[in-house]
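The values are calculated or read from the model by the stated rules, or taken from the named source; none is laboratory data. If you're wondering where the values come from, they're calculated on a predicted model, not measured in any experiment. In this analysis, Cβ positions are derived from the backbone assuming ideal geometry, glycine residues included, and neighbour counts consider all displayed protein chains. Please note that ligands, DNA and RNA were not included when accessible areas were found on the heavy atoms of the full protein model with its side chains. Shrake-Rupley method; radii C 1.70, N 1.55, O 1.52, S 1.80 Å.
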Amino acid sequence: MHIDRIELFHVAMPLISPWRTAYGEDATIDSILCRMTSGSVSAWGESTPFAAPCYSPECANGIFSLCRDWLSPQIVGKEIASGADLQQRLAIFKGNSFAKAILDNTWWALQSRIANKPLHELLADAAGQSSVRTEVPVGADFGVLDSLDELLAGIGQAIADGFPRIKLKFRPGWDLPMLRAVRAQFPTHPIHIDCNSGYRLSDLKLFQQVDEFNLAMYEQPLNHDDVVDHAELQRQVRTPVCLDESVYNVRQAELAVRLKSCRYVNIKPGRIGGLTNAIAVHNICQAAGIPCWVGGMLESAVGANLCVALSMLNNFTYPADIFPSSRFYHQDLADPPLELIRTAEGKPGIRAPIELPEPNPQRLQTLTVQRAQIT
């Protein structure tokens, strides 16, 4: 397809309540939306690195500028034949996965519209699958809350609602005592913890203690860019290690597999450079026998539905980290908002989108911090 125009929007979306993790607290979610146009057809994509470079080395203001000044000019006015072609044109720029994901994700959304084919089917074709699901189960997540009573009540409600697994943020000061209280009340329900790089290999004894709680996994316990120490940790604990932040490109996934750094991989299209790379990492893990699951970055329904489409691939076997719009926002930036369904098994889940949502023009104008157009 020929790329005629790219429009970028840096937005700040207020949360219903702050999202607390091992790396800090966010009251708003800073995200970059992109509208890409080819001829008379346009489509929207999104990449959400947050306001500060705490989850990863990237931040919203930085990737907005990078995409405006350097990345977009590499593809505007060009024929882009595939996601791989787009990635090759951006390869001259080192790193910056979230920035590259803006354009990659939007290219796939535009290709879906031009081909008049649902995105999840396009991704399945690219992954070499002969069939594709249309719905997946999702889990329930809990950040660092104001009290254990609030957390226990929330988990109890999530289990009653049928969520197949629970994810708990885990950080110093909200770790073993919290986990003991949860397991005392919910001794058998599938639970895993997300450490957001909050610990080091010197905390090995802590994780050996956590082994006693029979968790599904430890998500990203060590440094955000590490695969070596994670391999050593995995050798010395029973619980599977899951890599999230550390798998920020295809090569990192290859290294993690070679070093046996993990037994699960969380794949987020933004963190990994876009849907093109997400498919590649999915296939690498599938060939190595490592199951995956799709994670989210609290995107609007624009970006969340890209994650939903990706989650339909075969090797995404652990319930996804994709949330209904009402979980975090009083009103989603996009229409229609993302909503939960009941899967065929009766669990909370998400259905693959037939058409991808677009930002509501009024809300987009209200929440936009800065915008740019590249032609």
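So the values come out like this:
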{"item": "Neighbourhood net charge (12 Å Cβ-Cβ; Lys/Arg +1, Asp/Glu -1) for Pro172", "result": "+1"}
{"item": "Per-residue HN-Hα couplings for the range 100-108 [Karplus 6.51, -1.76, 1.60; θ = phi - 60°; Hz; x = Gly/Pro]", "result": "5, 5, 3, 6, 5, 4, 6, 4, 5"}
{"item": "Taking only Cα atoms of the range 117-162, radius of gyration then Dmax in Å", "result": "17.8, 48"}
{"item": "Whole-number D in µm²/s for the range 227-364 (Stokes-Einstein; Kirkwood sum over Cα pairs; 37 °C, 0.692 mPa s)", "result": "207 µm²/s"}
{"item": "Cβ-defined net charge surrounding Cys59, 12 Å radius [Lys, Arg +1; Asp, Glu -1]", "result": "-3"}
{"item": "Using alpha-carbon coordinates, inclination of helix 176-185 to the longest axis of the chain, degrees", "result": "80 degrees"}
{"item": "Cβ-placed point charges (K, R +1; D, E -1), dipole of the range 317-375 about Cα centre in debye, nearest 20", "result": "100 debye"}
{"item": "In Å, descending, principal axis extents of the Cα set of the range 76-116", "result": "33, 19, 16"}
{"item": "Measure of compaction for the range 100-252 (Cα Rg per 2.2 N^0.38 Å)", "result": "1.26"}
{"item": "Difference of contour (0.36 nm per residue) and Cα-Cα distance, Leu201 to Val41", "result": "52.6 nm"}
{"item": "Within straight-line cross-link reach of Lys167, lysines at Cα separation under 21 Å, skipping those fewer than 8 residues along the same chain", "result": "Lys268, Lys347"}
{"item": "Near-label residues of the range 196-232 by backbone N, under 19 Å of a point 7 Å along Cα→Cβ of Arg20", "result": "196-199"}
{"item": "The chain: relative contact order in percent, alpha carbon pairs under 8 Å with at least 6 residues between", "result": "21 percent"}
{"item": "Cα-based shape type of the range 1-103, given that a ≥ b ≥ c are square roots of the gyration tensor eigenvalues and the cut on a/c is 1.5", "result": "prolate"}
{"item": "The chain - percent of accessible surface contributed by carbon and sulfur, probe 1.4 Å", "result": "50 percent"}
{"item": "Eligible aspartates and glutamates near Lys100 by straight Cα distance, threshold 15 Å, same-chain separation 8 or greater", "result": "Glu7, Glu46, Glu58, Asp69, Asp85"}
{"item": "Distance between the range 334-375 and the range 273-301 - C-alpha centres, whole angstrom", "result": "20 Å"}
{"item": "Per residue solvent-accessible surface (Å²) - the chain, probe of 1.4 Å", "result": "39 Å²"}
{"item": "Positive-pole candidate from Ile16, Ile102, Ile92, dipole of the chain, charges at beta carbon", "result": "Ile92"}
